[in-house]
Structure formats: C-alpha cells, structure tokens
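Before any comments, here is the structure.
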Amino acid sequence: MSEITTAARPYARAIFELAQAESTQDKWTEVLALLSVIVENADMREALDSPKLSAEQKAELLIDVCNGELSDENRNAIKLLAENGRLGLLPEIANLYEAFRAEAESKLEATVTSAFPLTDAQQTTIAEALKKKLGCDITLVTQTDESLIGGVVIRAGDLVIDGSTQARLSALSQSLSH
C-alpha cells in the first residue's frame, strides 16, 4: 500500500498546487471523486488495464465517460496519468489531494468510535478539545462499536486516543499477569 501512496503523492501534490493557484479546489475535489469512482468500476478497470489500448486511447475513454464535466486542466492531468501508466492511482491521488487540502485549510477529520451513540453535547466537547490540542478545525465522524464496552477511541490523523473500557481492561490484565 505504501508503494501506491508513494507513486500517487507527486501527482496529488501537483494537482493540489495547481488547484490552489487557480482557486479551483472544490472543482478538483469533485473531479477526482468522479474519476476515482469511474476507475474503480470493474469494466473500466479491465479496459484501462488492457494492453490493446494505447495510453492516449485510455485517456480519451476516461475523458469521454465524464461527459464534458472536465476542464482543460482536468483533461491534461488524465492524459499525463495515462501517459505514465498511472490512471489506476486516481483513488489514492484523490485521498492524498484531500489530505493536502485539509492540511492547508487547517481542517482535520476525526473518527470517534464509542460503545454507545454520543450526544450532541459530547460530540461538541470532543471536537473542541481536539481543536485546542491540534490547533485546527475538527470534523467529527462518529461510529458505534459495542465491543468497546464503554469509553471512546478517537482517531485524528496520526493521533489515536484509546479511552475505551476494553483497552483499560486489557492493560489491567497485562499488568496483573506480569
């Protein structure tokens, strides 16, 4: 997986810098999401992997499927990716692009997994604490997982805070066995 990320990163960075220079970040978000869905389609994947089609034909196929939704810059990016045999990287390019965009806009998405659904007040408290700790705007995504028994697990970027009862019981069990 890291090889895919490494290969996709320069393309995502270049697209992000272009989007930022032209103030077209929202449009690129839409286009990259659309292209990701298209290239993940099994039939399209088969066509794009076909050695019978040239890079130019693959690019034109992808451009045609988008039905005029693409700007000149979007089409040029597709042609460049096709020329370099990188069309399959579009989903990862889209993910990295969004990460670059969130970082530039000082935004971060945090996933909060709890044993029970969180109230609005609890979500607000967690978001404010994370904003204070990380220094950026936080968008919370909440999930429930009854196996946690109680407490929460928060994932925000590289930060993981495991305050679940399950983790505490596991730590207690390990300390008692040593």
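The values are calculated or read from the model by the stated rules, or taken from the named source; none is laboratory data. The structure presented is a predicted model; accordingly, all values stated were derived computationally and were not measured. Using ideal geometry, Cβ is built from the backbone for each residue, glycine included, and neighbour counts are taken over all protein chains shown.
Below are the figures for this structure:
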| item | result |
| --- | --- |
| Selection count, the range 132-160, where residues are within 17 Å of Lys107 (Cα to Cα) and either in contact (Cβ under 8 Å) with a residue 40 or more places away in the chain or more than 20 Å from the chain's Cα centre (by Cα) (or both) | 7 |
| Filter result for Leu81 (in a helix (DSSP H, G or I), within 29 Å of Ala12 (Cβ to Cβ) and of a type in the set (A, V, I, L, M)) | yes |
| Subset of the range 71-94 (residues that are free of Cβ contacts under 8 Å to residues at least 60 places away in the same chain and within 21 Å of the chain's Cα centre (by Cα)) | Asn74, Ile78, Leu87, Gly88, Leu90, Pro91 |
| So Asp26, is it assigned to a helix (DSSP H, G or I), on the phi < 0 side of the Ramachandran plot, out of contact with any helix residue (DSSP H, G or I) (no Cβ under 9 Å at 6 or more places or on another chain) and not small (Gly, Ala, Ser) | no |
| The range 160-178, subset polar (S, T, N, Q) and not in a loop (DSSP other than H, G, I, E, B), residue surrounded by the fewest Cβ atoms within 10 Å (Cβ to Cβ) | Ser177 |
| Any chance Leu48 is in a helix (DSSP H, G or I), at pLDDT below 95 and either under 16 Å from Asn76 (Cα atoms) or assigned by TED's automatic domain parsing to the domain that holds Leu89 (or both) | yes |
| The range 36-56, subset surrounded by 14 or more Cβ atoms within 10 Å (Cβ to Cβ) and more than 18 Å from the chain's Cα centre (by Cα), residue nearest to Leu81 (Cα to Cα) | Ala55 |
| Filter pass, Ile4 being aliphatic (A, V, I, L, M), in a helix (DSSP H, G or I) and at pLDDT below 95 | yes |
| Number of the condition not met by Val31 [criteria: (1) assigned to a strand (DSSP E or B); (2) at pLDDT 95 or above] | (1) |
| Checking Ala77 against (1) aliphatic (A, V, I, L, M); (2) under 16 Å from Trp28 (Cα atoms); (3) surrounded by fewer than 13 Cβ atoms within 10 Å (Cβ to Cβ), the condition it does not meet | (3) |
| Residue in the range 136-155 that is in contact with a strand residue (DSSP E or B) (Cβ under 8 Å, 6 or more places away or on another chain), loosely packed, with under 15 Cβ neighbours inside 10 Å, more than 22 Å from Asn95 (Cβ to Cβ) and polar (S, T, N, Q) present | yes |
| Among (1) loosely packed, with under 14 Cβ neighbours inside 10 Å; (2) under 14 Å from the mean Cα position of the chain (by Cα) - the single one Ala33 does not satisfy | (1) |
